[in-house]
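Down below is the structure, laid out as structure tokens.
The values are calculated or read from the model by the stated rules, or taken from the named source; none is laboratory data. Just so we're clear, the structure is a prediction, and the values are computed from it rather than from any experiment. Cβ placement follows ideal geometry from the backbone for every residue including glycine, while neighbour counts extend to all protein chains displayed.
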Amino acid sequence: MGRKRRHWPFALKEALIVSQRGKCWICGDDCTFEDFTEAAKLGNGWARYPTFEHKVPIKDGGADELHNLAISHQQCNATR
């Protein structure tokens, strides 16, 4: 049976954005909720939406801890 997806508190998401200086850990471009809002006005917000994930997946031995969490764009994460 698979592990249930965890829903991170908004405060933790904001802390991750700040700690990563608002950059996607995959492509390095801006990755904030404000960036998503601007992209949504242009019709491509879903691709720029910040996702919160494990750098090393739990199934591969990654920890469910802050040092293993990162932000990335929805599109970057989907192509990883």
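Worth pointing out:
- Every residue from the stretch 53-67 that is in a loop (DSSP other than H, G, I, E, B) and over 22 Å from Phe10 (Cβ atoms): Val56, Pro57, Gly61, Gly62
- Residues of the stretch 68-80 that turn out to be part of a helix (DSSP H, G or I) and aliphatic (A, V, I, L, M), as a count: 1
- Of all the residues in the stretch 23-37, those that are closer than 17 Å to Leu69 by Cβ, at pLDDT 90 or above, of a type outside the set (A, V, I, L, M) and touching a helix residue (DSSP H, G or I) at 6+ places or on another chain (Cβ under 8 Å) number 1.
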